[in-house]
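Below: one structure, written as structure tokens.
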Amino acid sequence: MAVFNSVIRFRFVKLSLLVLSVLFAGSLAAQSLDQQIAERLKPIGEVCLAGQACASGGAAPAAQVAAATGEFSAEQVYTQNCAMCHATGMAGAPKFGDADAWSGRIAAKGFETVVKNSITGINAMPAKGMCMTCTDENMTALVEYISGQAQ
Ligand code: HEC
């Protein structure tokens, strides 16, 4: 049983990575994979559901561990909530660490306004980048991180 569980966990991690890379790629090809993925996730989901820590806790992704311990990590929230758009520049999102794109915005509006816009949302940018648990301070830290201003 223990061996069975660890095999399942291993497959879950592999599947998580696959699902993540599919999300990141955002390609049309991903759609044809959806059924296969759903099919493969099904029996595994009964053992260890995404979004829940596994019984042994071994396979919980880092972001879930941070959430469980209540610690805020700009890097983890960025990966979870912001990278989808800001890693690729989707819909005109300024790219992660793109100094020119960010310094242009910050110079034009001021850092405070840029942070405020990330909280309220602006054009295709959803309010708080859909990080509903993020506080205003968290958002400030995220904007510092995403724009490459973090020390
Ligand atoms: C659904 C895609 C999407 C997600 C998710 C997203 N953003 Fe954005 N973001 C955008 C787009 C598009 C813009 C450009 C908006 C514009 O200026 O028209 C933007 C702009 C911004 C800006 C600049 C605002 C300004 O006034 O110039 C900040 C700061 C920002 N995002 C932070 C974040 C943070 C932090 C997260 C994660 C918590 C996040 N975004 C998640 C799409 C997204």
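Just name the residue that is surrounded by the most Cβ atoms within 10 Å (Cβ to Cβ) out of those in segment 120-134 that are assigned to a helix (DSSP H, G or I) and more than 9 Å from the ligand (Cβ to nearest atom). First the steps, then the outcome.
Step one: of segment 120-134, the residues assigned to a helix (DSSP H, G or I) are 120, 127-130.
So of that shortlist, the ones also more than 9 Å from the ligand (Cβ to nearest atom) come out as 120, 127.
Values: T120: 9, A127: 14.
Only one residue fits best here, namely A127.
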* Selection count where residues are near the ligand (Cβ under 8 Å from one of its atoms) and surrounded by fewer than 16 Cβ atoms within 10 Å (Cβ to Cβ), scope segment 82-107 -> 3
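Bear in mind that the values in this text are calculations on the coordinates, not laboratory data. None of these values were measured; they are calculated from a predicted model. Using ideal geometry, Cβ is built from the backbone for each residue, glycine included, and neighbour counts are taken over all protein chains shown.
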